[in-house]
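Since every read-out is calculated from the coordinates, none of them should be taken as a lab result. Here the structure is a predicted model, which is why all the values come from computation and not from measurement. No Cβ is skipped: glycine too gets one built from the backbone with ideal geometry, and neighbour counts run over all protein chains shown.
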């Protein structure tokens, strides 16, 4: 078995078609077919089941594909590290990130990162925390940005900062005119993500820690969907601050401080143990830490005890647009 055989097998397996695999490799289809047949003959197994719409891996093929992923991931790492020796940066930064991180945190980081490295290419893969860790482990991605803790010995984990999860509502909501505590939201028209999500688990756990059980009236497996529903019919929603920062700054939402409960998750950077560091990764880390620190400052604005004056037009407990920092704060 040689690299030529293995590369032909790997590309065909990835795309599920000999013809498309040949296109990826820029060689003829008969040449790819020949390489795969030679590989099957050398190994004494059938690697693909052929059918009218393409090919699928056999059990033996699945085992080989897993090793091929690792082999080519290591080859990519070697090429990248050699390139770093000459210019000190990555030419392409591949990042795996969870939904809210990919949608709301990473774009701000990339924007600033490319000011420092204008020739940098960035690829962001949307994935669960588990899948992001798997991609890092297989060297598919340079690193991952996740919301779960991983204790596996082959991954290094670094906490970049907290992901504040905040209560938000529309500006006219009556709760903004008084001091709000967690119990006020238990039986109200609360909007929350589905019960299996990390966000929902964080909120439920924080309330359980103070002896309360929340009963959301609406659940939805989409943060953007929850935001649209909140705009249309009001209520209160728990969402990551990073996902509603623009709506708060524009005046569409108000941040509702809940005085006796703090909900947050840790944002972590994961990468292979011993992975080489470089300017690009270090700068990414610095920007991420600064952005998360800015969000944390906003979320830590606490309630005051005295009631707002009756002639106050702007509720004392609503954090207003001019109090919310931008992503670069």
20 Å binning of all Cα-Cα separations within the chain, expressed as whole percents from 0 upward: 27, 44, 24, 5, 0
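Which of 289, 149 comes first, and how do the rest follow, when ranked by fewest Cβ neighbours within 10 Å? Intermediate values should be presented prior to the final figure.
On the way: 289 16, 149 11.
Taking fewest neighbouring Cβ atoms as first place, the list is 149, 289.
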In degrees, nearest ten, helix 279-299 long axis to first principal axis of the chain (Cα): 20
Residue-averaged 222 nm ellipticity for the chain, from DSSP H runs of 4+ at -39500 (n - 2.57), nearest 500: -14000 deg cm²/dmol
Radius, Kirkwood style, for the range 152-233 when every pair of distinct Cα atoms is counted (Å): 14.6
Equivalent ellipsoid dimensions for the range 3-81 as semi-axes, Å, which come from the Cα gyration tensor, largest first: 20, 15, 12
DSSP-defined beta bridges in the range 89-329 - what % are antiparallel, rounded to 5: 60
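What's the exposure ranking of 19, 197, going from fewest to most Cβ atoms within 10 Å? The partial results should precede the final answer.
Details: 19 13, 197 16.
Arranged by neighbour count, lowest to highest, 19, 197 become 19, 197.
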Enclosed volume per residue, in Å³, of the convex hull spanned by Cα atoms of the range 119-172: 154
At q = 0.11 Å⁻¹, base-10 log of I(q)/I(0) for the range 91-221 (Debye sum, equal scatterers on each alpha carbon): -0.55
Stokes-Einstein D (µm²/s) once Rh is taken as the Kirkwood radius of the range 1-134 over alpha-carbon pairs, at 25 °C in 0.890 mPa s: 142
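Can you put 218, 9 in order of Cβ neighbours within 10 angstrom, beginning with the fewest?
Values: 218 15, 9 25.
Final ranking by Cβ density, sparse to dense: 218, 9.
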